[in-house]
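The values are calculated or read from the model by the stated rules, or taken from the named source; none is laboratory data. Computed from a prediction, not measured in an experiment: that's the story for all the values here. Every residue, glycine as well, gets a Cβ built from its backbone with ideal geometry; the counts of neighbours run over all protein chains shown. All accessible areas refer to the heavy atoms of the entire protein, side chains included, with ligands and DNA or RNA removed. Shrake-Rupley method; radii C 1.70, N 1.55, O 1.52, S 1.80 Å.
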Amino acid sequence: MSDRVTIVAVTAPTPAVFLDRDGTLIEEAGYLDDIARLALFPSTVDALRMLARAQYRLVVLTNQSGIALGLFDEPFVRQTHEALAVRLDAAGARIDGWYFCPHHPAGQVPALTRVCTCRKPAPALAQQAAVDLDIDLARSWMVGDRWGDVGVAATAGMAGGILVRTGYGRSAEARPMAGVTAAFVADDIMDAASWILRQGR
Ligand SMILES: [Mg+2]
Ligand SMILES: [Zn+2]
C-alpha cells in the first residue's frame with residue numbers, strides 16, 4: 001500500500017453569465033457611434049462584481065450591425081469595449097470577453113452583408129467564447145433586452161435566458177415571441193444577477 005497522495009489539478013469548465021451590451025450593460029443609445037455617449041446603468045458595476053464573486057465568467061455578446069450598415073467600423077467597436085473595460089476596472093468590475101457580430105442580412109458593406117452564424121439568436125459568439133474561456137454552456141445564462149438575446153440561451157444550449165426590462169425590454173415583454181421563453185423577466189441587470197445567484201450552480 002502506498003501512502004503517497006496524488007494531487008491532481010482539475011480545471012473544470014466554468015459557468016458564465018453572457019450579457020448583451022446595449023440596453024443591458026449600458027443605456028440603449030440607438031446605434032451607439034460616440035464613446036462620449038457610453039453610460040453604464042447604475043447597478044451594472046455591482047451586478048458584475050456579485051457574479052464574479054460567485055465565480056461566473058462574464059462575457060458580452062453584442063450584435064453590432066451598425067458596422068455592416070456602414071455607421072461605424074470594427075475599430076470603433078473595439079475602442080468602445082476598451083473604454084468600457086477601463087471604466088469597469090476603475091470600479092473594481094470586469095468583463096472576461098467581448099464578442100460582437102458585425103454582420104447584417106441587409107447591410108451596406110458588401111463583405112458584411114449576409115446571413116451569418118453569429119448574429120444573436122444564432123449561437124456562434126457564445127460557442128466561440130465557450131472554447132476561448134473554458135465555459136460550461138449548460139450551466140450558463142444569457143441576459144438581454146431583446147428576444148434575440150433570450151433566444152441565444154436555447155440555440156447555444158444554456159440553462160436559460162433572462163429578459164431585462166431596461167433598453168428595449170419593456171416593449172419586448174409586451175410583445176412575446178413565439179418559440180422563445182424567458183426563464184425570468186428582470187427589472188434590470190442587478191435583478192437578473194440576483195435571480196441567477198438564487199438558482200445556485
Ligand atoms: Mg440590447
Ligand atoms: Zn455575424
Item checked: Length gained when the stretch ALA91-ARG175 is fully extended (0.36 nm per residue, less Cα-Cα span) -> 26.7 nm
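Leaving out ligands and nucleic acids, note down the accessible area per residue over the chain with a 1.4 angstrom probe, in whole Å².
Working: 9910 Å² over 201 residues.
In whole numbers, the chain has 49 Å² accessible per residue.
Using 0.36 nm per residue of separation minus the Cα-Cα distance, give me the extension gain between ALA111 and ALA36 in nm, one decimal.
Details: separation 75, 0.36 × 75 = 27.00 nm, distance 2.86 nm.
Contour length minus Cα-Cα distance gives 24.1 nm.
Once you sort the root eigenvalues of the Cα gyration tensor of region 91-181 as a ≥ b ≥ c, which label holds: rounded (a/c under 1.5), prolate (a/b larger than b/c) or oblate (the other case)? If you can, show how the numbers build up before the last one.
Working: a/c = 1.44, a/b = 1.04, b/c = 1.39.
Here region 91-181 falls in the rounded category.
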Next item on the list: Evaluate the distance, in nm, between pseudo-label points positioned 7 Å from the Cα of THR11 and of ARG201 along their respective Cα→Cβ axes.
Entry: 1.6 nm
Notebook entry, point to check: Ignoring any ligand, DNA or RNA, what whole percent of the accessible area of region 1-127 comes from carbon and sulfur when the probe is 1.4 angstrom?
Noted result: 54 percent
Item checked: Solitary cysteines of the chain, where the nearest other Cys Cβ is not under 4.7 Å -> CYS116
Next item on the list: Along Cα→Cβ, 7 Å out, is where each label goes; now give me the distance between the ones at ASP187 and ALA138 in nm to one decimal.
Entry: 3.5 nm
